[in-house]
Structure formats: structure tokens, C-alpha cells
Amino acid sequence: MKPTASVAASVATECTQQRSELRQAGEGAISLLLGDIGAKAGPGEVRGRLVDQSANGFRVEHTFAGLSCGQMVRCRFDDSSPRTARVVWTRVHGERVESGFFVLP
């Protein structure tokens, strides 16, 4: 069954209210390095585009639907040093995939 517009708006509002940090639009390439921290079978590196970011997290658009909630990745923005992040959620929209990450200290 397809949700109605009012149900979809309610869900979107609920998700927005769960966010406790201000998000800023992101830009640029990001690499998600999977192989060195217990990734499931799949590519060793996933390239994506930074959509937005906050003080402790970020959202990436990419094409790898195999990321799972709780999975640890190393992420590198442009040419910066890699940092460790945890996958919080992944949404698949056909061939387009978005994932949200929490950056670990």
C-alpha cells in the first residue's frame, strides 16, 4: 500500500524533529573505505558525493546499496585524513543510494 501525502509529510516532520544539530549543505567528493574495518563482501572503496553535514555527522549520495546500519567505515573528504564513522541509516532509491553517518571521535 502506498502512503498518502499526509502520512509522508508526517514521517518527514518526525525525522526532521529527531535531528538535534544544524545541517549545512555539503559539496565535493567523499571516499568510504570499507575493507580495513570488517566490511561485508563488497567493494573496498565507495565513492560518493557529500550532500550535507553537521558537527557530528554527514549524508552521502552513492551507488552501493550494501551499507548496513551500525557498519563502521573510514571516510575521506577530498584529500583529508581518513576518519572513522558509523552508518546510521541507508535508503535505496533505484540506483541512487543515500546513507547517513555519525563521525566517531
Counting only residues in region 90-104 that are under 13 Å from Val73 (Cα atoms) and not hydroxyl-bearing (Ser, Thr, Tyr), the one surrounded by the fewest Cβ atoms within 10 Å (Cβ to Cβ) is identified as Leu104
Of the residues in region 43-95, those that are aliphatic (A, V, I, L, M), within 13 Å of Leu33 (Cα to Cα) and out of contact with any Ser or Thr (no Cβ under 7 Å at 6 or more places or on another chain) come to Val46, Val73, Ala85
By residue number, the members of region 10-45 that are among the β-branched types (Val, Ile, Thr) and either modelled with pLDDT of 70 or more or within 18 Å of Gly57 (Cβ to Cβ) (or both) are Thr16, Ile30, Ile37
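Answer yes or no: is there a residue in region 66-89 that is under 16 Å from Arg23 (Cβ atoms), in contact with a Leu (Cβ under 9 Å, 6 or more places away or on another chain) and of a type in the set (Lys, Arg).
No, region 66-89 has no match at all.
Just the residues that are over 10 Å from the mean Cα position of the chain (by Cα) and free of Cβ contacts under 8 Å to residues at least 40 places away in the same chain, please, taken from region 70-95.
The first filter runs over region 70-95 and keeps only residues over 10 Å from the mean Cα position of the chain (by Cα), leaving 70-84, 92-95.
The answer is Gly70, Gln71, Met72, Asp79, Ser80, Ser81, Arg83, Val92, His93, Gly94, Glu95.
The values are calculated or read from the model by the stated rules, or taken from the named source; none is laboratory data. Everything numeric here is computed off the predicted structure, so don't read it as measured data. Cβ sites come from the backbone with ideal geometry, for glycine too, and all protein chains shown count toward neighbours.
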